[in-house]
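To start, the structure itself, in structure tokens.
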Amino acid sequence: MSPVAVVVRRNLSLLRRRPDLLAQSVLVPVVVLVLCALIFGAGGDDWPVAIVDDAKSKRSAAIVDSIEDSRSRITPYFRIVEEDSDKADQMINDGRLQLKIHIPADFEATNRIYISTYNINSDATKNLRMRVTNALNAYDVRDGRLPLSVDLRTVESEDVPRTAFIAGGVLLLALFFGAALIAANLFALEHEERTSKVILLSPIGPAGAAIGAMVTGTMVAFLTAVPTYLIGWLAFGLAPEAGAILLVLLFMIPLMFACAGVGVLLAQMLRVHRNIQPLIILTCIATFFAAGGFVSVGGLPPAARGFAAVWPLSRVFEWNNPVLHQFVNNYSTSQWVWVWIAAVVGLLAGFFAGYRERLAVQQGGQ
């Protein structure tokens, strides 16, 4: 372990002088978190709609009020942005509006309401129609016209808000992604800075350099994940108990070490940053969205569930989310066994990277 400790101290000094090696491990999870908030409505998803009331009656006004009052636990269901019929039709045609609700002038005689949607996503449109039905049912309940009503309880006190779930997934992403990328950067730097020949001739050897990069990547990834955690806590409501977050961090250590081993092996095979970094970044982001980080595996489409069943990194989310969000108090014995098996595999990957480095053609030296 003494040669590894020497490499770790050297790597830590190197990272202090080269913050660019840490930039992506900090920025990528933060960018993913912000994009999730902007695209998927982390603060709520009130839909822009138009309501055109041509009836101008007491009943039609009550229906408009019911639509305006309908809401989830987070935000209203709808945000009325237009009341002119022609402008609303044009906005729907342009894809700038999700829904137009038209109460015609003969509403009192026909009891008919017309709905137009920008139907480009059937699932989203289905959700939209459900919200309209919920608002109309609420009107009928208040008016005494609905003999049977549904007590729809969409949230329980122990439920995890979507914002907190996403932030927790991105935090896990920041940990294993940071470990893989930092370790890969450090090991690739040996080749790019032409110090690999020096290490090859030293008592440390390339295997010692690989393990040192893995240990450094695992350690420093905890620091690079701090901005992600702070944003998740301050802006997304990620507030697990101290015991839960500490247990998750402890459980992540062998997983991060295994990811660092894979990163080092990729660095040895691909050699330069411009080849290594896109592969690690895209793989980890795809894992987040398609293997349980953005939404639980049970809520994924069939193809994604099939992918998650065979993709090892999906277990990072499947096993950690219940503990992080306090649905369970600890990991199972088999889960602890598997993460340490993963750590051993990562260690073997590091030694294999060192073995390959001994066989590789060296360029110059210092």
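The values are calculated or read from the model by the stated rules, or taken from the named source; none is laboratory data. Keep in mind that what you see is a predicted model, and the values were worked out from it rather than measured. Every residue, glycine as well, gets a Cβ built from its backbone with ideal geometry; the counts of neighbours run over all protein chains shown. Keep in mind that these areas ignore ligands, DNA and RNA; they rest on the heavy atoms of the full protein, side chains included. Shrake-Rupley method; radii C 1.70, N 1.55, O 1.52, S 1.80 Å.
Of note:
- Per-residue SASA entry for Phe351, accessible area with 1.4 Å probe, Å² rounded to 10: 100
- Using a probe of 1.4 Å, the accessible surface attributed to Val226 totals some 70 Å² when neighbouring protein chains are kept in position.
- Among Phe107, Thr287, Ala88 - extreme Cα towards positive end, dipole of the chain, charges at beta-carbon: Thr287
- Put Lys100, Lys58, Lys87 in order of accessible area, highest first, and with a 1.4 Å probe you get Lys58, Lys87, Lys100.
- Centroid-to-centroid, using Cα positions, the range 250-314 and the range 206-239 are 15 Å apart.
- Solvent-accessible area per residue in the chain equals 51 Å², computed with a 1.4 angstrom probe and all protein chains kept.
- In a simple Cβ point-charge model (Lys, Arg +1; Asp, Glu -1; nothing else charged), the range 1-123 has a dipole of about 1400 debye relative to its Cα centre.
- Sum of -39500 (n - 2.57) over DSSP H runs of 4+, divided by residues of the chain (222 nm, nearest 500): -22500 deg cm²/dmol
- Cα-based shape type of the chain, given that a ≥ b ≥ c are square roots of the gyration tensor eigenvalues and the cut on a/c is 1.5: prolate
- Prolate/oblate/rounded call for the range 228-358, Cα gyration tensor, a/c under 1.5 rounded: prolate
- A DSSP coil position with no more than 16 other Cβ atoms inside 10 Å describes the following GluC sites (Glu not before Pro) in the range 176-264: Glu193, Glu241.
- For the range 1-138: relative contact order, % (alpha-carbon pairs under 8 angstrom, 6 or more apart): 23
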